[in-house]
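Taking it in order: structure first as C-alpha cells, then the write-up.
The values are calculated or read from the model by the stated rules, or taken from the named source; none is laboratory data. As the structure is a computational prediction, the values presented were derived from the model and not from experiment. Methodologically, a virtual Cβ is constructed for each residue, glycine included, from the backbone with ideal geometry; neighbour enumeration extends over all protein chains shown.
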Amino acid sequence: MRLAAFKFSLALSLICFCGPSQADAEERNPFGKIGHFVVIYTENRSFDHIFGLFPGAEGLNSKPARIVQVDVEGRPLETLPPPPREKRIPEGLANAPFALEPYIGAEVKTKDDPVHDFYIEQEQIDDGKMDRFVEASNAGALTMGYYDGSKLKQWRLAQEFTLADHFFHAAYGGSFLNHFYLVCACAPRFPNAPENLIAKVDETGARLARLPNSPGDTLGSPPRWVKPGKVTPDFFAYGTLAPALPVGPEPARSSAEALPPQTSATIGDRLTEKGVSWAWYAGGWAEVQAGFRGRGTSGAGFVTHHSPFLYFENYGPGKPGRVEHLRDEADFFAASDAGSLPEVSFYKPLAERDGHSAYSSVAAGDEEISQVVERLRKSPNWADMMIIITADENGGYWDHAPPPRIDRFGPGARVPAIIVSPFAKKGYVDHTSYDTTSILRTIERRFDLAPLGTRDAAAADLRNALQP
C-alpha cells in the first residue's frame, strides 16, 4: 500500500514538474516543430485587390471599406479619372472600388503600372484615411480596381490553411525598400548621395512637393512633382537603385548613383552565425552568373532590386556568402524534390511569373504560387514545413485598412499573406496585426536569433496562425 502511494506521488510530482516546463518551452519557441521555413515573395498587390471578397476576412464588404476618394484639396472626386494608358477602363466610373473583370481579366497584363513610392504612399494613406490613392496616383481609376479572387488558386490555399487579413508590407513604397526590410528590417543608407537623387519634399517632410501646375483633381492628368528622387534628405535610400557591387561576372559600371555596399546585419548573417542552413533562391540567377541578362531588369527576367543580398558587402563577388547562399530557382526545386531544402529558404520568382502589374499578371503570379506550393507539398521536407506567401508591397493598389503607425518608414498598406503548413490552422482567418518583419521575428524565435533592429524585435510572430 505504501509502495503504491509512493509511486502515485512520484508520478504526480513528475507531471507537475514536467508540465509547466513543456508549456514554458512552447511559449518561448512556438515554432519548435518547424524544421523548414519557405518564404515565397511575390509582387505588388494589395489585400483588397485580391482577397477583398474573402468570407470572414475584413474586406470590401466591411463598413470601413466605404471610403470616398478625394482630390488634392480634400474634396470628393465626382468620378474616378480614367487611367492614362489603360483605355479598357471607361471614363465616368463611380467614386468607389470596382470589379476589374469586365475590363481587364486576371490573365491580362495592365498597360499602366500604378506608382508605388515611399512618399506617395504616405500621401495616399493620408494619416489612415486611405482616401488619396487616386489623387496621388499615375494610374487613375486602376488603383481602385479589384478581382474576384474566388477564381484564383491561392484563394483555395487560403480556404484550406490560414489567411492573414491584417498583414501590412513593412515599408512605404516599392519593391526595393521592402526587399531590404525582408532581410534586414532596415532602410539602406546612401551617405552623401548625389543631389539629383534627393527627393524634394513639402513642409510636412512626409510628402513630395508638387509643381505649381500640378492638377488639382487628377481628372485631367496625373500629379506632377518637383523632384520625386530616390533618397531622403537625410540619406536613406528608398527608390530603385543599382548596387555598386557587381551582380554577374562583369565588373560593375562605375556610377555615383549606385548604392554603396551595405554593412547592416541581415537575417542571413544571423542564421550563418548560428549554424542554420539557408538560401535565397531567385529565378534567372544562374543566367545572370553565366553573363546572360535575358530580358533585362525592366522586362520579365531577373530583377536586381528583387535580390536584396546583392547590395550587402558580405554577399559580394567571391565572398562565401554569395557562393553558399545565393542560388537559382532550379536549385530550389531540386532541393525540394530531394528533401534537402535548407532550414530557411527565400524564393523569388522570375519577373514574368511574380504577379507584378504591366510585365506580369495576377493569373501568372497565381499559377506560380500554386505550382510552387504543390511541389513543396510533395517534398520529403513537407512534414515539418511552414510556407509563408506574401507580396512585397501593394503595387499602388488601394486597400481600405489603415496600417499601424510604427515609425517613419511604415508599415504600408495591407498585402495578401497565406500560411501553409501541416501545423497551420485549417480554414482560418488570422486577424492579428502583422507586417513583413513578422517573418523575421518568426525565424528569430525558432532559431533563437538576436533581432536585427527595433522593428523586428517588436513585431508579432506568426504563432497565431498555427494550431495549438
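The single condition from (1) farther than 27 Å from Thr390 by Cα; (2) at pLDDT below 95 that Pro260 fails is (2). Restricted to region 196-217, and to residues there that are in contact with a helix residue (DSSP H, G or I) (Cβ under 7 Å, 6 or more places away or on another chain) and not in a strand (DSSP E or B), the residue that is modelled with the lowest pLDDT is Ala206. For region 445-468, the tally of residues that are assigned to a helix (DSSP H, G or I), surrounded by fewer than 24 Cβ atoms within 10 Å (Cβ to Cβ) and either touching a His at 6+ places or on another chain (Cβ under 9 Å) or not hydroxyl-bearing (Ser, Thr, Tyr) (or both) stands at 7. Taking region 422-461 as the range and being closer than 16 Å to Ala164 by Cα and either at pLDDT below 95 or among the aromatic types (Phe, Trp, Tyr) (or both) as the test, the residues that pass are Phe423, Tyr428, Tyr434. Among the residues of region 333-377, those that are modelled with pLDDT under 95, hydrophobic (A, V, I, L, M, F, W, C) and in a loop (DSSP other than H, G, I, E, B) comprise Leu350, Ala358. If you check Arg322 against the conditions, is it surrounded by fewer than 24 Cβ atoms within 10 Å (Cβ to Cβ), without any contact (Cβ under 8 Å) to a residue 40 or more places away in the chain and touching a helix residue (DSSP H, G or I) at 6+ places or on another chain (Cβ under 9 Å)? Answer is yes for this residue. A single member of Glu78, Glu107, Glu135 is at pLDDT below 95, touching a helix residue (DSSP H, G or I) at 6+ places or on another chain (Cβ under 9 Å) and charged (D, E, K, R), and it is Glu135. Scanning region 74-133 for residues that are touching a His at 6+ places or on another chain (Cβ under 9 Å), closer than 27 Å to Glu368 by Cβ and hydrophobic (A, V, I, L, M, F, W, C) yields one hit, Leu100. Checking each residue in region 80-122 for being surrounded by fewer than 14 Cβ atoms within 10 Å (Cβ to Cβ) and among the hydroxyl-bearing types (Ser, Thr, Tyr) picks out no residue at all.
For region 401-418, the set of residues classified as assigned to a loop (DSSP other than H, G, I, E, B) and surrounded by fewer than 24 Cβ atoms within 10 Å (Cβ to Cβ) consists of Ala401, Pro402, Pro403, Pro404, Arg405, Ile406, Arg408, Phe409, listed by residue number.
When Val372 is tested against the conditions (1) in contact with a helix residue (DSSP H, G or I) (Cβ under 8 Å, 6 or more places away or on another chain); (2) surrounded by fewer than 24 Cβ atoms within 10 Å (Cβ to Cβ); (3) β-branched (Val, Ile, Thr), the lone failure is (1). Considering only residues that are under 23 Å from Lys109 (Cβ atoms) and of a type in the set (A, V, I, L, M), look in region 375-400 and name the one that is surrounded by the most Cβ atoms within 10 Å (Cβ to Cβ). Selected residue: Ala391. When region 58-81 is filtered for residues that are under 16 Å from Trp398 (Cβ atoms), of a type outside the set (Asp, Glu) and in a loop (DSSP other than H, G, I, E, B), the ones remaining, listed by number, are Gly59, Leu60, Asn61, Ser62, Arg66, Ile67, Val68, Gln69, Leu77, Thr79, Pro81. Looking at region 123-161 only, could you name the residues that are surrounded by fewer than 24 Cβ atoms within 10 Å (Cβ to Cβ) and among the polar types (S, T, N, Q)? Scanning region 123-161 gives Asn138, Ser150, Gln159.
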